[in-house]
Amino acid sequence: MYFILIKKTSYLDIPISIYTPVNTNKDKLVIYFHGGGWTMCNRKTHQTIVNLLADATKTIWISVEYRQGPEYKYPIWLNDACDVTQYIIENKESYGVDRTAKIGIAGDSAGAMISTSVCQTVKNIDFQILVYGLYDFTCSAPSYKEFTDPQYFSIPGLLDWCIQNGFGDGVDMNDPRISVFRNTSLEQLPPTLFIIAELDPLRDDSYTYKEILDKVGVKNTLVLVKGALHGFFALPGIYPKTVAQAIDAIQEFMASI
């Protein structure tokens, strides 16, 4: 376990895990934010997938233990993510990469929402990898109505609970820092890889986000994993084929950066 010390009014310990594969390349580094609805999961629940990603891409990946609700609601966890990212960018050589190394942000589900919000706030991010994220908190896309059965996991009731406990009362969910579709300056975002699950209530958010980035000229790629449910990405032992497909897409995307 490692800690990043962020100096605000006092020192804050934010735990991170650093994954350095054998024969690692020093030209890229990826900062990863785990999913879990801003309230659940941690670096350990996503340890296997991040380790696999580091090995597959031969790059250093850093997994961040940002604070979560209900104890620490928005914007605390998002500020943690921004602070860690800024610190790593400013000190990237300390983590084993070259001074000219490119820095990427990645995350799944809530971690994808965090990742793309960080990209709106922090400068000098070179690419983002977004796995089935929530980008519009109106939750009005057709896929939210298509997949309401509990077997699809991320159903409206669970989403409502996560939002209530991750954000709390009085938060403007139309704030572009939260709902990225409301941002009018998305042309500044870096090249983006979308990975989405076919059987996921959040699926259509990624399609819409891709269309928005296409219109403003941001280079992006979308990969649909057929037959996959929301949450598959963090469970390579249960869904080896679909996870392998996603890892292959990430490997190819990073090689193109």
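The values are calculated or read from the model by the stated rules, or taken from the named source; none is laboratory data. As the structure is a prediction and not an experimental result, all values here were calculated from the model. Note: ideal-geometry Cβ built from the backbone for every residue, glycine included; neighbour counts use all protein chains shown.
Structure notes:
- Residues (farther than 22 Å from P156 by Cα and in contact with a helix residue (DSSP H, G or I) (Cβ under 7 Å, 6 or more places away or on another chain)) located in the stretch 195-212: I212
- Yes/no for C139 being over 25 Å from E211 (Cβ atoms), crowded, with 17+ Cβ neighbours inside 10 Å and either among the small types (G, A, S) or out of contact with any His (no Cβ under 9 Å at 6 or more places or on another chain) (or both): no
- Here the helices (runs of 4 or more DSSP H) wholly within the stretch 104-211 that include at least 3 residues being modelled with pLDDT of 95 or more and either within 22 Å of F33 (Cα to Cα) or in contact with a Leu (Cβ under 7 Å, 6 or more places away or on another chain) (or both) are 110-121, 156-167.
- Of the residues contained in the stretch 63-71, one or more are found to be of a type outside the set (F, W, Y), farther than 28 Å from L229 by Cα and surrounded by fewer than 16 Cβ atoms within 10 Å (Cβ to Cβ).
- Residue tally, condition under 20 Å from F181 (Cβ atoms), touching a residue at least 24 places away in the same chain (Cβ under 8 Å) and loosely packed, with under 13 Cβ neighbours inside 10 Å, over the stretch 142-171: 1
- One residue stands out among those in the stretch 216-244 that are hydrophobic (A, V, I, L, M, F, W, C) and part of a loop (DSSP other than H, G, I, E, B): the one that is nearest to the chain's Cα centre (by Cα), which is L235.
- Some residue of the stretch 149-157 being within 17 Å of the chain's Cα centre (by Cα), within 22 Å of N79 (Cβ to Cβ) and among the hydroxyl-bearing types (S, T, Y): no
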